[in-house]
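S.K.: Submitted below is the structure of interest, expressed as structure tokens.
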Amino acid sequence: MSNLFVWYYLTFIYSFVALNHLMLLLKTINHYKEWYQNLEDKNSIGFVPTMGALHKGHYSLIEKSVNENKVTIVSIFVNPTQFNNPIDLKNYPSCLERDLDFLRSSGTTAIFAPSVSEMYPNGTENLLNIDLLHIDKVMEGKFRPGHFNGVVTVVNNLFEIVKPNNAYFGEKDFQQYMVIKRLCELKFPKINIIPSETIREDDGLAFSSRNALLKNETRIKAKLLFNTLQNAADLFKKMSADELNKWVEKTINSVDGFHFEYFEIFDEQNLLPLSNSTKQARAFIAVYVDGIRLIDNFKFKP
Ligand code: AMP
């Protein structure tokens, strides 16, 4: 009996030390650089950039990175320059301690969680401007002016600091994934950008850090976003683009507290209108649900 107790005790102590020992928290660029210099194998670094308030969607990217790389770095940084609305930034959930707990058994090697002044030592005015072609002229680019300048700036800086071989992005933010691919084409040709499919709650609502801001009754109705996308993909062959857009707008706006922002169908290769060469299409939607802005997209055969 006493041997068993000792065995349990030692196992508990070992796993506690190992879990805490293996996952590093690095808060400054210098600490990251120091750690990176001592890293023996610099050819297998997977990177998952996040803004924290982690959920199962983030976890799926991390799992993929852990499976495909020797080392996985997760960054947690609420990037102020990608918020075009100061209230949205102020309300964005932030919970580092909870996130660290969430990551403890994920296989993450290190978390990079810098402050705003660490990432923007010269202020947030001068952002990176690269030619994103037409990718930032539609949807999020159109409705959130400056959003992708902020995204490109922070991801560019994170890539320069972290120096990953593979970086993981969710299809939940499909347009962002396209923007990052373009950034890499121009500036980081050696980094592989790996997409990961959208993880959804049981009723179809895509996991999002913003879901935590929804009131209970609104949360129940929020599944309408995904249902509408699926129905629109079915109706696509029966209606003109204009009719379909009006149908989506009416369906969304008929729900109390919902406010339609956009609905689009594009060729997923280039975010251009569908053409004869389109193999895969995607429907995209943005809706304010009781003031909380949610986006989603759905892949379908045209
Ligand atoms: P965020 O913290 O919202 O900036 O997201 C960090 C990364 O997680 C981005 O690449 C997102 O596309 C991805 N992500 C967010 N939600 C989901 C989800 N439900 N499924 C898969 N990936 C997601």
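The values are calculated or read from the model by the stated rules, or taken from the named source; none is laboratory data. Values in this document were obtained by computation on a predicted structure and should not be read as measured data. Neighbour counts are summed over all protein chains in view; Cβ atoms, including those assigned to glycine, are modelled from backbone coordinates with ideal geometry. SASA here: full protein model, heavy atoms, side chains in, ligands and nucleic acids out. Shrake-Rupley method; radii C 1.70, N 1.55, O 1.52, S 1.80 Å.
S.K.: Cβ neighbours within 10 Å, averaged per peptide: list 201-208, 289-296, 254-261, 89-96 in order, most packed at the top. Could you put the intermediate results ahead of the total?
M.R.: Values: 201-208: 17.4, 289-296: 19.6, 254-261: 15.1, 89-96: 13.6.
Descending packing order for the listed peptides: 289-296, 201-208, 254-261, 89-96.
S.K.: Might you work out the accessible area of residue 235 for me, using a 1.4 Å probe with all protein chains in place, and round it to the nearest 10 Å²?
M.R.: 40
S.K.: Indicate the gyration tensor shape class of the chain (rounded, prolate or oblate), computed on the Cα atoms with a ≥ b ≥ c the square roots of the eigenvalues: a/c under 1.5 is rounded; otherwise a/b larger than b/c is prolate and the rest oblate.
M.R.: Numbers: a/c = 1.91, a/b = 1.50, b/c = 1.27.
Prolate is the answer for the chain, as a/c is 1.5 or above and a/b outweighs b/c.
S.K.: In debye, nearest 20, what is the charge dipole magnitude of the chain about its Cα centre with +1 on Lys and Arg Cβ and -1 on Asp and Glu Cβ, if you could check? Provide the component values of the computation, followed by the final result.
M.R.: Numbers: 33 positive and 34 negative charges, 50 e Å.
My answer is approximately 240 debye.
S.K.: Shifting gears a bit: Does region 103-212 classify as rounded, prolate or oblate by the C-alpha gyration tensor (a ≥ b ≥ c root eigenvalues; a/c under 1.5 gives rounded; else a/b over b/c gives prolate, otherwise oblate)? Each step should come with its number before you reach the end.
M.R.: Numbers: a/c = 1.42, a/b = 1.13, b/c = 1.26.
Here region 103-212 falls in the rounded category.
S.K.: Calculate one ³J(HN,Hα) per residue across region 274-281 by plugging θ = phi - 60° into the Karplus curve 6.51 cos²θ - 1.76 cosθ + 1.60, and present them in order as whole Hz with x for glycine and proline.
M.R.: So the J values, rounded to whole Hz, are 4, 9, 4, 8, 5, 9, 9, 10.
S.K.: Further, regarding this structure: When all protein chains stay in place, what accessible area (Å², nearest 10, 1.4 Å probe) is found for residue 24?
M.R.: Its heavy atoms expose roughly 60 Å² to the probe.
S.K.: Okay, moving on. Order 48-56, 77-85 from most to least packed using the mean count of other Cβ atoms within 10 Å. Let's see the in-between values first.
M.R.: Values: 48-56: 21.1, 77-85: 18.0.
So the order, starting with the most tightly packed, is 48-56, 77-85.
S.K.: Which value in deg cm²/dmol, rounded to the nearest 500, describes the helix-derived mean residue ellipticity at 222 nm for the chain, given -39,500 (n - 2.57) per DSSP H run of n ≥ 4 and division by the residue count?
M.R.: Values: 12 runs with 127 residues, N = 302.
Calculated mean residue ellipticity at 222 nm is -12500 deg cm²/dmol.
S.K.: Where only protein heavy atoms count, and the probe is 1.4 Å, what is the accessible area per residue for region 40-158 in Å²?
M.R.: Numbers: 5430 Å² over 119 residues.
Per residue, region 40-158 has an accessible area of 46 Å².
S.K.: Using modelled backbone amide H atoms (1.01 Å from N, in-plane), which distant-in-sequence or interchain residues come within less than 5 Å of residue 77's amide H?
M.R.: Counting only residues 5 or more places away or on other chains, the set is 50, 51, 52.
S.K.: May I pose another question? Counting only heavy atoms of protein chains, what accessible area per residue, in Å², does region 161-288 have with a probe of 1.4 Å? Don't jump to the answer; show the numbers that get you there.
M.R.: Details: 6340 Å² over 128 residues.
About 50 Å² of surface per residue is accessible.
S.K.: What is the percent carbon and sulfur in the accessible area of the chain, measuring with a 1.4 Å probe over the protein chains and ignoring ligands? Write out the running numbers ahead of the final one.
M.R.: On the way: 8490 of 15930 Å².
Answer for the chain is 53 percent, counting heavy atoms of protein chains only.
S.K.: Residue 178 accessible area, nearest 10 Å², 1.4 Å probe?
M.R.: Surface open to solvent at residue 178 totals about 10 Å².
S.K.: Just going by the charge dipole of region 90-186, with Lys and Arg at +1 and Asp and Glu at -1 on Cβ, which of 143, 122, 132 is farthest out on the positive end?
M.R.: Of the listed residues, the answer is 143.
S.K.: Can you list residues from other chains, or at least 5 along the same chain, whose modelled amide H is less than 5 Å from the amide H of residue 169?
M.R.: 194, 196
S.K.: With a 1.4 Å probe and all protein chains in place, put 247, 35 in order of accessible area, largest first.
M.R.: Numbers: 247 75, 35 45 Å².
Accessible-area ranking of 247, 35, largest first: 247, 35.
S.K.: DSSP beta bridges in the chain, what fraction antiparallel, as a percent rounded to 5? Before the final figure, lay out each step's value.
M.R.: Values: 19 of 38 bridges.
Around 50 percent of the beta bridges assigned by DSSP in the chain are antiparallel ones.
S.K.: On to the next question. In terms of solvent-accessible area of protein heavy atoms at a 1.4 angstrom probe, what is the ranking of 300, 143, highest value first? Don't jump to the answer; show the numbers that get you there.
M.R.: Numbers: 300 20, 143 75 Å².
Largest accessible area first, the list is 143, 300.
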